[in-house]
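Scroll down for the structure; my scribbles are underneath it.
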Amino acid sequence: MSPTVKGAILHGRKTVKTVVEGGRKKVENVVEGGLDTVETVVEAGLNTVESVVEKGRKTVETVVQHGRKTVENALFHGRVTMRAAVLHGREDIRIEQVPIPKAAVGELVVRVGAALTCGTDLKVFRRGYHARMIVPPALFGHELAGTVVEAGEGVADFSTGDRVVALNSAPCGECYFCLHGQENLCDDLIFNNGAYAEFIKIPERIVSKNTLVIPENVPLEHAALTEPLACAVHGLEDSGPRKGDIVAVIGGGPLGLMILHVAALAGFETIAIVKHDGQVEAARQLGATHVVQCATVRRAIRETRALTPGDRGVDVAIEAVGTPETWQEAVELVRKGGTVNFFGGCAANTHVTLDTNRIHYSDITLRATFHHTPAICRKALALIAGGRFQAGAFITGHAHLYELNRVFEKLMNRSSEIKTAIVP
Ligand SMILES: [Zn+2]
Ligand SMILES: [Zn+2]
């Protein structure tokens, strides 16, 4: 480090700024001067940080320790393209350089800290499209948390550097359903995709209705669980379990396990009905009172009922697989007066046959739950921040964006992974 730079720094910020303006070589010297010095350089302003960042990884790390806001700017500013996953069709994801989005009025651009894989994305990967959400070629991924790098004109609630979770959808707030507290059924629900990328644009309506600041103690990848957890919380609430009830959850996928965990945390006796060995372990860890692992539906029904007093059946059965067969299974699990929630969405044009007498004379309530509402999303994030929810248990792997194809291939082969955090 040149004696001149050192001297300049010792003289305070104004001087450092001057030094930095003096050119690149000198900035390098300043950075090499150590921690105190970096801080001072960062404070000197954006241009300076950029130069610091260009000096390589070790330097960036140091900068990061000195305040998020500046670094996020540093990593974003002046770039034109970014890495992003583009879905081109069935099992065809390519990592490409695409333009970095710009925040228009009311919008945000967020640097993705973590994007989580999800059953819906897996379905999209397998089929190559999603009738409602995505038509290729398109950016995709929808469970994310990150840091605001650009706030469009008119955005009052967020600014650069804020850590946020931006939900995948937002209701209009004006239609019949929105005005009746059923925003999940909004006639004009808009969806946002593009989480598997370095940056994502958040549309104005999601910014104003469904973007939440993440409490400081919550890691980004945990906060990214807000969306699926909101669906899970919604599903349990809709099922209306009462104190002392036994709640059975069919399915050991991410959402089945989440509903199970939420029910266990709420103090209900729970029965997890799962298929694979890895799911048995996960269900236990997440608080299942009992775990039933069965190859056949018939046996699962018998064994589950045997866990209830007099084999009468469970009070609430929540189906989280999404096949007609398991929908029917759910109806067979409940006691007289019990409630069934068809939570898992089945493929289009599928049907079930139900025993009308059993439903009528046993007074069974059948219902279904779809998606989430803004109020429930807030509840979900509060649950994650509360500390009892085992967020870490749901994230069983980490991978770089470049590994996305491999990650989905692995998920298709029914590995024991629950969710993988994709770090761009
Ligand atoms: Zn999802
Ligand atoms: Zn609406």
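The values are calculated or read from the model by the stated rules, or taken from the named source; none is laboratory data. Worth saying up front: this structure is predicted, and the values here are computed from it rather than measured. Glycine also receives a Cβ, built like all others from the backbone with ideal geometry; neighbour counts cover every protein chain displayed.
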Scan segment 312-362 residue by residue and report those that are surrounded by fewer than 16 Cβ atoms within 10 Å (Cβ to Cβ) and assigned to a strand (DSSP E or B).
336, 337
Scanning segment 391-402 for residues that are out of contact with any Ser or Thr (no Cβ under 9 Å at 6 or more places or on another chain) and surrounded by fewer than 16 Cβ atoms within 10 Å (Cβ to Cβ), which turns out nearest to residue 117 (Cα to Cα)?
400
Quick test for you: out of 388, 414, pick the one residue that is exposed (fewer than 13 other Cβ atoms within 10 Å of the Cβ) and either modelled with pLDDT of 95 or more or in a helix (DSSP H, G or I) (or both).
388
Tell me, please, whether a residue that is within 16 Å of ligand 2 (Cβ to nearest atom) and of a type outside the set (Ser, Thr, Tyr) can be found in segment 85-98.
no
Out of curiosity, is residue 278 without any contact (Cβ under 8 Å) to a residue 40 or more places away in the chain and either touching a Pro at 6+ places or on another chain (Cβ under 6 Å) or farther than 26 Å from residue 173 by Cβ (or both)?
no
Residues of segment 103-124 that turn out to be away from ligand 1 (no atom under 16 Å from the Cβ), within 18 Å of the chain's Cα centre (by Cα) and farther than 21 Å from residue 220 by Cβ, as a count
0
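Would you pick out the residues in segment 93-102 that are within 18 Å of residue 128 (Cβ to Cβ) and more than 22 Å from the chain's Cα centre (by Cα)? Show your work before the answer.
Just the residues of segment 93-102 that are within 18 Å of residue 128 (Cβ to Cβ), to begin with: 93-96.
Matches in segment 93-102: 96 only.
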When every residue in segment 391-424 that is touching a helix residue (DSSP H, G or I) at 6+ places or on another chain (Cβ under 7 Å) and among the polar types (S, T, N, Q) is compared, the one nearest to residue 229 (Cα to Cα) is 420
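When the residues of segment 372-385 are filtered to those that are among the small types (Gly, Ala, Ser) and buried (at least 16 other Cβ atoms within 10 Å of the Cβ), which remaining residue is farthest from residue 266 (Cα to Cα)? So that I can check it myself, show each step before the final result.
Looking only at segment 372-385, we keep the residues that are among the small types (Gly, Ala, Ser), and these are 375, 380, 382, 385.
Filter again for buried (at least 16 other Cβ atoms within 10 Å of the Cβ), leaving 380, 385.
Working: 380: 13, 385: 16 Å.
Out of the qualifying residues, it is 385.
Output the helices (runs of 4 or more DSSP H) that fall wholly within segment 137-251 and possess 3 or more residues being modelled with pLDDT of 95 or more and within 16 Å of ligand 2 (Cβ to nearest atom), or say none. Show your work before the answer.
Numbers: elements: 176-179, 204-210, 220-223, 226-239.
By residue number, 176-179, 204-210.
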Scan segment 150-209 residue by residue and report those that are touching a residue at least 60 places away in the same chain (Cβ under 8 Å), away from ligand 1 (no atom under 16 Å from the Cβ), crowded, with 20+ Cβ neighbours inside 10 Å and among the β-branched types (Val, Ile, Thr).
202, 207
